[in-house]
1. Please report the Cα spread of the range 208-278 along all three principal axes, rounded to whole Å, starting with the longest.
2. Efficiency by 1/(1 + (r/R0)^6): what FRET value for L203 and I101, r their Cβ-Cβ distance, R0 = 51 Å, to the nearest 0.05?
3. Over 23 Å between Cα atoms, which of K48/K316; K128/K196; K163/K219; K159/K201 qualify?
4. R245: net charge of surrounding residues, Cβ under 9 Å, Lys/Arg +1, Asp/Glu -1, itself excluded?
5. Please identify which residues in the range 107-123 have an amide N closer than 16 Å to a label point set 7 Å out from the Cα of M1, following the Cα→Cβ vector.
6. Could you list log10 I(q)/I(0) for the range 1-150 at q = 0.18, 0.21 Å⁻¹, which the Debye formula gives when each Cα is one point scatterer?
7. What distance in nm lies between label points placed 7 Å from Cα along the C-beta direction at A237 and C20?
8. If each residue of separation counts as 0.36 nm, what is the full-extension length gain between S325 and L269 once their alpha-carbon separation is subtracted?
Amino acid sequence: MKSVQIQDSFGIDHLQFSDCSQKEIADDEVEIRVEAVSLNYRDLLMVKGLYNPKQPLPLVPCSDGAGIVSSVGSCVESLKVGDKVTTVFAPQWQSGTPTLIQMRNTIGGPKDGALTQRFVTSSSHVLKSPPHLTYAQASTLPCAAVTAWNALVEVGKIKAGDKVLIQGTGGVALFALQFSKMFGAETIVLSSSEEKLQRVKELGASHTINYKKNPEWSKIVKSYVGNVDIIIELGGAETLQQSLRVCRPGGTIALIGILSGTAPKINLLPIIMNKLNVCGIFVGSQNCFEEMNKAIAFHKLEPIIDKTFAFGEVKKAFEYIESASHFGKICIHLQ
């Protein structure tokens, strides 16, 4: 059984295969045979040493994995051998507002992650997967899907007829589109690619805007739908000011991504005068994950996967996410 580690120093070229730990599982633990992982931008930053330059090495990266329970400890009652499960990003965060310790106790950094064929953890730190999903599909849920669900449902209180602005076509964005459609919302999706905009139309996007062709895209949004109720803010510094212009009084801007930087020069007056709810989204709790899984199972929702790599192609997978050319999630099969 093999795992992949960041060894000696950071960088994609420093990802190396090593033997899995053979330590026996404790009474309250389970052993997972990991079948697939999915990549997040955070995983790339972790591998390159940009997320936490002080992260101790070696480290097994990747927070999002799915597999099958292969062994259970003597005290475990919630799971049995053969159950399909996924990892949980912040396993100690059960519900409510997380503590600093819960927010820092995450897998894929600082704790070892899921890019390993054998993953051992507490039985309370994994969740059963929606039964209709493949392992690769299930592996996309722990971060991207939970983040989108938290932003829309827990924070945004989405309801039928709401207008939702979504920036981009990555994992979080496409889950936000799928969940918004599930709730009967009207959606506007931004992208710089006409090909990707055509694909989101096929997925049910109500309106699309090419932000490269329309740099003042907030004006186009208003011409389509007026002000919006919820904004999935993934752009960061360069997009936040326009988001403030189109969010309705009392609306929600869910701050998730920082793709264009972290230090915007913005006019704060709209936040005050329009009583905007500008909220940072840090994935979500286990309870949030469980509620989302119920909805995914009921609606038979299928995550959008761009490309799947073999275990021996780990470096290629990280290079692919670094290229930012993907549409949806990038997965790696481990078995």
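Where a number appears in this text, it was derived from the coordinates with a stated rule and is not lab data. All values reported here derive from a predicted model rather than from experimental measurement. Here the Cβ positions follow ideal geometry from the backbone for every residue, glycine too, while neighbour counts run over all protein chains shown.
1. Its Cα atoms span 31, 28, 18 Å along the three principal axes.
2. Working: r = 38 Å, r/R0 = 0.75.
Result of the calculation: an efficiency of 0.85.
3. Table pairs above 23 Å Cα-Cα are K128/K196.
4. Details: positive: K219, K222; negative: none.
Net of charged neighbours comes to +2.
5. Only 112-123 pass the distance filter.
6. Here the Debye-derived log intensity ratios amount to -1.09, -1.42.
7. Distance between the two pseudo-spin positions: 4.3 nm.
8. Gain on stretching S325 to L269: 16.6 nm.
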